[in-house]
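Below is one structure; the comments refer to it alone.
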Amino acid sequence: MSERILYDLVASDPRDRFSPFCFRVKLALAHKDLSFRSELVSFTDKHKIAFTRQSLVPVLVEPDGTVVCDSFRILQHLEERYPQAPLLTPGDVSLAFLQAWTDRSLLAATFKILAPKIHALLQGADQAYFKSSREQRMGVTLETLARDESKYRSILNTTLEPLRTLLNAQPCVSGAAIGAGDVLILGNMLWAEGVLGEPLLPPDDPISAWRQRMEPWVQKALAMASVLQAGRIPI
Ligand SMILES: N[C@@H](CCC(=O)N[C@@H](CS)C(=O)NCC(=O)O)C(=O)O
């Protein structure tokens, strides 16, 4: 039997994985105890995923050759094929809203803080591609984002308020037990922590208490993805 492969976005240092969407898949695979090999893809070597006829990671290739793109479609695929340790609850209408909030509000607010630091993790053609594509997408320069970091920190803080309320009322984002909601938010946190080299939020934030409870799962996912731990600052 051949192996399961996850195509994962990488910076110059192979420890620097900086895709929140790829983190979602690593977390889901770890939760379901499904081993995989990470195939590292940088912005300018995306010919590695040309066989998918699209240009985004994550891409999952199953041992039987099945190819699935898009983090949420991969979650759905894993749930159907490997129902152990379920992450999706049938008929959960709130998940669609949570995904939209994560993708549109949380990721966008976090990205404005991380973008200048991601740029510093890249080199050469990857760095130039990141700067031009992201500045065009956001309509603001990386230098302006860096200069106004405190403003963007404050916007992120406000954006996170509903999540704080939720996690004050229940142990996991998805309710009493870990679910896809936790995958979505944790993917965002790991992305931020990896880029910043430190926790995104102060230890007394209610979201940090939840993040701490997720640590064994995080460690398992990072070990399975062969992300070296040197330099990671635990919360
Ligand atoms: N909706 C997709 C989004 C995937 C995505 O945007 N991936 C980014 C990395 S975080 C990417 O591959 N970017 C390549 C590029 O910008 O050229 C998902 O959920 O997987």
Please verify whether Gly194 is touching a Gly at 6+ places or on another chain (Cβ under 9 Å) and crowded, with 21+ Cβ neighbours inside 10 Å, treating the condition exactly as stated.
no
Condition check: more than 27 Å from Gln76 (Cβ to Cβ) and open to solvent by less than 60 Å² (accessible area, probe 1.4 Å). Does Leu186 satisfy that?
no
Any pair with Cβ under 6 angstrom, 6 or more apart, that starts in region 51-63 at a residue that is of a type in the set (D, E, K, R) and ends at one that is at pLDDT 95 or above and open to solvent by 20 Å² or more (accessible area, probe 1.4 Å):
Glu62/Arg4
Restricting region 96-139 to residues that are in contact (Cβ under 8 Å) with a residue 24 or more places away in the chain and not in a helix (DSSP H, G or I), the residue that is nearest to the ligand (Cβ to nearest atom)
Leu122
Go through region 1-95 and tell me which strands (runs of 3 or more DSSP E), entirely inside it, have 1 or more residues that are away from the ligand (no atom under 15 Å from the Cβ) and either of a type in the set (Gly, Ala, Ser) or surrounded by 16 or more Cβ atoms within 10 Å (Cβ to Cβ) (or both).
5-9
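The values are calculated or read from the model by the stated rules, or taken from the named source; none is laboratory data. This one's a predicted model, so the numbers in the text were calculated from it and none came from an experiment. Backbone-built Cβ (ideal geometry, glycine too); neighbour counts: all protein chains shown. Note: areas computed on protein heavy atoms with side chains; ligands, DNA, RNA excluded. Shrake-Rupley method; radii C 1.70, N 1.55, O 1.52, S 1.80 Å.
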